[in-house]
Amino acid sequence: MGTPDGHEVAARRLVERVQRRVALNEAVGIMQAWRDCGQQEARDDLRVEHGVAGQQVEADRLIAVVNADARSRADPDAGWD
């Protein structure tokens, strides 16, 4: 059985991985809307264009762009439909 500190470290790693996965999925959704494509095509494009290591950076950038644009409107979804 692990130590309490070991459990905390493992839990923090798990949370970090889940947060990365959520960001990648959000970026895929953004790409689907912008490119009018399916989920798998958006996922493949993200991986091909930015590599496995660069996906997270690009996902964070896409989310920041959308969030910045959404903050300037009363209805953030108005321009995406």
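Brief remarks follow.
- Computed 3J(HN,Hα) for the stretch 34-40, one whole-Hz value per residue from the Karplus formula 6.51 cos²θ - 1.76 cosθ + 1.60 where θ = phi - 60°, is 5, 9, 6, 10, x, 4, 5, glycine and proline marked x.
- The distance between label points at N67 and V48 comes to 2.9 nm (points 7 Å beyond Cα on the Cα→Cβ vector).
- Between the listed residues V18, Q40, A70, the Cα displaced farthest toward the positive end of the dipole of the chain, a dipole computed from Cβ unit charges relative to the Cα centre, is found at V18.
- Relative contact order for the chain, counting Cα pairs under 8 Å that sit 6 or more residues apart, in percent: 27 percent
- Charge dipole of the chain (Cα centre as origin; +1 on each Lys and Arg Cβ, -1 on each Asp and Glu Cβ, all else neutral): 300 debye, rounded to the nearest 20.
Since every read-out is calculated from the coordinates, none of them should be taken as a lab result. Nothing here was measured: the structure is a model prediction, and the numbers come from that model. Every residue, glycine among them, receives a Cβ derived from its backbone with ideal geometry; neighbour counts consider all protein chains shown.
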